[in-house]
Structures are given as C-alpha cells and as structure tokens.
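Colleague: One structure coming up, written as structure tokens, with questions to follow.
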Amino acid sequence: MVFAVFMLIVCLDLEGVLMPEIWEAVADSFGIPELRRTTRDEPDYGKLMRYRLDILDERGITIDDIQKIIGEMEPLVGGKSFLDWLRANWQVLVLSDTFYGFGKPLMAMLDMPTLFCHDLIIDEDSRMITGWKIRMEDQKRETVQRLREMNFKTLAVGDSYNDTNMLKEAHFGILLNPPQNVTEEFPDFPVCTNYVDLKRLISEAALTLGE
C-alpha cells in the first residue's frame, strides 16, 4: 500500500535505528568496555570522540582494524525490511554522526540509501585515526531545517541525545528504543520499541501531515 504525501522526507539515524552501534562492536571485538560509551551516555560529541580516539591511539587500533569489524556487522533484525518498506513509500535520508570511512560498507548492506555524515582524518602511513572533520555543527537539525525551508514535510526517527534536535526540528519526531534517561528528558516524543509499531506510527503521521 502506498501512503499519501509524496513531499514527505523521512530522516533516520543510522546506529540504533537500522544498524547496531559501531563503537560497541569495536569495544566487544577488542575487549575494551570503555569504547561502549556512546551518545546515549555522553551527549557532548566532541568530548566523546576525543575520548574514543585516545583509546584507539593507546591500543594501536587502526582504521583498517575497525573497517574489518564493520564489514562483519549486519543490520538490526528487521531493519533492512523496514528501510525497504520506507523507501517504497517515501523519500529517505540517513543522517548520522558516524563517518564515511565507517558508513560506506554499512550502506552497501542497506542497498545504498543516501547518507549524510562526517569525515575521519587518517594518517596514511600509520593508518591511525588522528582526528575528524564535522560536515557542519548540528548537521542533523540543519538538514531537516533546510528541507522544511524547501517546503518538504519532514519526519525523523532517532534513538539518542544527538538525535533530539533533529526530532524537534522535524514536523514529527519519533524515538526508537531510547535509553530511559532520554525518554524521561524528552517526554513529548512518542516512543516505539519495534519496527511494527514504528511503521504504524509513521503511516499515521504521514497521513496527518498530508491533510
């Protein structure tokens, strides 16, 4: 069934919505529990990234090591079919605070949806990650804002602190499996815990936005 509102663009976070958390997979693979810390725990993205890169440098973990782990990841159960359903009905953008060096193999697993994210700075001799380059500050919110300025209707789905500005900027925002502290801090967003309920809520919101 094709729902109304061709002018609707659905903006999705990547990790926690379609794919598992990359840094958690790296943490588990190398046995470094400190790397399981994500934006669910630390909303200051710059502080979190510096913390991560210091650990990688200390342990001698290269971009190649991380890409190997990413290549063995799989979408969340039901994530690929959910995305397929979504793309069959509306336009979709994946807005993530990951990096193209991490995200490209994941996009291949998802049949190459459009991904907006950031860049890593790599030392080509050592293959160590020495820094990162933000596409623009608060790029998720900024992207949704620009879409609205172009008279698109927008719906956003995220799971963490770094998604909340995007959700607030969208015409309709949804949290998927957020941690309790995010749910409590942002009680105005509806919460889904599975793709079945998420599809239902998106369908209802799309029809409302089309009125």
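The values are calculated or read from the model by the stated rules, or taken from the named source; none is laboratory data. Here the structure is a predicted model, which means the values were calculated and not measured. Positions of Cβ are generated from backbone atoms using ideal geometry, with glycine treated the same way; all protein chains shown enter the neighbour counts. The area values use the complete protein model at the heavy-atom level, side chains included, leaving out ligands, DNA and RNA. Shrake-Rupley method; radii C 1.70, N 1.55, O 1.52, S 1.80 Å.
Colleague: Can you work out which of the residues in region 165-185 that are at pLDDT 95 or above and among the polar types (S, T, N, Q) is nearest to Thr38 (Cα to Cα)?
Modeller: Asn177
Colleague: While we're here: Just wondering, is there one or more residues in region 138-145 that are without any contact (Cβ under 8 Å) to a residue 24 or more places away in the chain and among the hydroxyl-bearing types (Ser, Thr, Tyr)?
Modeller: Of region 138-145, the ones without any contact (Cβ under 8 Å) to a residue 24 or more places away in the chain are 142.
Going one step further and asking which of them are among the hydroxyl-bearing types (Ser, Thr, Tyr), we end up with none.
No, region 138-145 contains no residue that is without any contact (Cβ under 8 Å) to a residue 24 or more places away in the chain and among the hydroxyl-bearing types (Ser, Thr, Tyr).
Okay, residues lined up against (1) in contact with a helix residue (DSSP H, G or I) (Cβ under 9 Å, 6 or more places away or on another chain); (2) open to solvent by less than 70 Å² (accessible area, probe 1.4 Å):
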position: Tyr45; (1), (2): yes, yes
position: Gly60; (1), (2): no, yes
position: Glu72; (1), (2): yes, no
position: Leu76; (1), (2): yes, yes
position: Phe82; (1), (2): yes, yes
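Colleague: On to the next question. For residues in region 96-138 being open to solvent by 10 Å² or more (accessible area, probe 1.4 Å) and among the polar types (S, T, N, Q), which is farthest from Ser81 (Cα to Cα)?
Modeller: For region 96-138, the residue satisfying everything is Ser126.
Colleague: What pairs can you find where one residue is in region 113-127 and free of Cβ contacts under 8 Å to residues at least 24 places away in the same chain, the other is open to solvent by 60 Å² or more (accessible area, probe 1.4 Å) and part of a loop (DSSP other than H, G, I, E, B), and their Cβ atoms are less than 6 Å apart, with a gap of 6+ or different chains?
Modeller: What qualifies is His118/Arg135.
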